[in-house]
Amino acid sequence: MNKDNIIPEEKNNGITPEAISEALDSLPQNYIVQTLIVLKKWEDSGIIKKSYTKRYISKVKLGEDDAFNEDIMNALVEVGTKNKEIQEKFGRITKKASTSN
């Protein structure tokens, strides 16, 4: 029996903690600007009702002061996933330098 068939569809959407971690690790340098663009698009289409500041987006991404916002995290994951796909498409994936000597 295929276990995937007994999992409710919303739980089997392909977004895993590993995928989220990879997306956040793949954020581009200008992730705040790109996240603002995604959030603005969602606000204009009525998906969300608030706008957010650059500083708050940065705090949520870094987890400063226990900041968390689901809308911002979803936008960050979208930006990171898109950037990862672009990196893979053009073969520009770079690994972070090792800190061990």
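Structure values in brief
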quantity	calculated
Qualifying residue in region 84-96 (condition: part of a loop (DSSP other than H, G, I, E, B), open to solvent by 100 Å² or more (accessible area, probe 1.4 Å), modelled with pLDDT of 90 or more and out of contact with any strand residue (DSSP E or B) (no Cβ under 8 Å at 6 or more places or on another chain))	no
Qualifying residue in region 57-65 (condition: on the phi > 0 side of the Ramachandran plot, modelled with pLDDT of 90 or more and open to solvent by 50 Å² or more (accessible area, probe 1.4 Å))	yes
Output for region 20-52, where each listed residue is of a type in the set (Ser, Thr, Tyr) and surrounded by 13 or more Cβ atoms within 10 Å (Cβ to Cβ)	Ser26, Tyr31, Thr35, Tyr52
Within region 62-72, considering residues that are free of Cβ contacts under 8 Å to residues at least 24 places away in the same chain and assigned to a helix (DSSP H, G or I), the one nearest to Ser21 (Cα to Cα)	Leu62
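The values are calculated or read from the model by the stated rules, or taken from the named source; none is laboratory data. No experiment lies behind these values; they were computed from the predicted model shown. Heads up, the Cβs are rebuilt from the backbone with ideal geometry, glycines too, and the neighbour counts pull from every protein chain shown. Accessible surface areas use protein heavy atoms only, side chains included; no ligands, DNA or RNA. Shrake-Rupley method; radii C 1.70, N 1.55, O 1.52, S 1.80 Å.
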